[in-house]
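Trainee: Take a look at the following structure, please.
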Amino acid sequence: MATIDHARITLSVLMLVLPLAASCSSAPTHGRASDPYPLKRCPVSGRTLGENAVVREIDGREVRFCCEDCPDRFESAKAELFAKIDAELTAAQLPDYPTDECIVTGAPMTLDRKDVSINIIYRNRLVRVCCEDCRAQFESAPEHYLSMLDEARRAASAVE
Ligand SMILES: [Zn+2]
Ligand SMILES: [Zn+2]
């Protein structure tokens with residue numbers, strides 16, 4: 001019976017220690033909103049980002065700045081500057097985008113040979129859909145569709 005008691009004690013000690021160990025060993029989640037960060041310039045000043053870029057999370061998105069002054073300036077013109085960042089992110093990722101199909105339905109993103117694609121920037125990643133309904137569908141389960149996008153990227157690089 002002594003061994004059972006010992007096992008119980010060991011278990012209860014483990015249960016006390018484990019949550020602590022888990023919280024200590026978990027990597028910091030801050031600054032992981034996009035991976036890797038695709039922009040090379042501060043959106044406010046236009047200066048090239050160096051090693052000591054100031055990393056902020058704004059509206060759930062990672063944004064990097066050249067100095068401590070720029071985040072406040074960004075906040076004061078947020079809509080405009082996010083639009084600028086989105087345009088840059090789209091231009092940077094479009095050439096490597098792995099599929100011509102809507103990520104939600106798998107349909108081609110042309111209608112009568114006209115391009116009807118909608119470019120969405122989600123956590124700094126480009127996601128493309130064929131219509132507003134699909135945009136809503138994507139936004140209801142973004143992680144699901146991002147994993148499909150990862151799959152499409154793996155398939156595309158396997159073909160090359
Ligand atoms: Zn700056
Ligand atoms: Zn669609």
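The values are calculated or read from the model by the stated rules, or taken from the named source; none is laboratory data. These numbers were taken from a predicted model, which means no experiment stands behind them. Please note: Cβ atoms are built from the backbone with ideal geometry, for glycine as well, and neighbour counts cover all protein chains shown.
Trainee: Got a sec? Which of Ala141, Ala156 is among the aliphatic types (A, V, I, L, M) and modelled with pLDDT under 95?
Mentor: Ala156
Residue-wise test of (1) away from ligand 2 (no atom under 16 Å from the Cβ); (2) of a type in the set (A, V, I, L, M, F, W, C); (3) modelled with pLDDT of 95 or more; (4) closer than 18 Å to Leu146 by Cα.
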| residue | (1), (2), (3), (4) |
| --- | --- |
| Ser25 | yes, no, no, no |
| Tyr37 | yes, no, no, yes |
| Gly46 | yes, no, yes, no |
| Asp72 | yes, no, yes, no |
| Thr110 | no, no, no, no |
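Trainee: Still on this model: Please return the ranges of helices (runs of 4 or more DSSP H) entirely within the stretch 52-160 where 1 or more residues are under 17 Å from Lys40 (Cα atoms), among the basic types (Lys, Arg) and within 16 Å of ligand 1 (Cβ to nearest atom).
Mentor: In the stretch 52-160, 78-93 are the helices (runs of 4 or more DSSP H) which contain 1 or more residues that are under 17 Å from Lys40 (Cα atoms), among the basic types (Lys, Arg) and within 16 Å of ligand 1 (Cβ to nearest atom).
Trainee: What number of residues within the stretch 109-127 are surrounded by 14 or more Cβ atoms within 10 Å (Cβ to Cβ), farther than 22 Å from Val63 by Cβ and not hydrophobic (A, V, I, L, M, F, W, C)?
Mentor: 1
Trainee: Right, Leu126: more than 10 Å from ligand 2 (Cβ to nearest atom) and at pLDDT 95 or above or not?
Mentor: When the stated conditions are applied, Leu126 passes them.
Trainee: Considering the stretch 47-97 alone, what residues qualify as being among the aliphatic types (A, V, I, L, M), loosely packed, with under 12 Cβ neighbours inside 10 Å and within 24 Å of Arg153 (Cα to Cα)?
Mentor: Listed by number, the list holds a single entry, Ala91.
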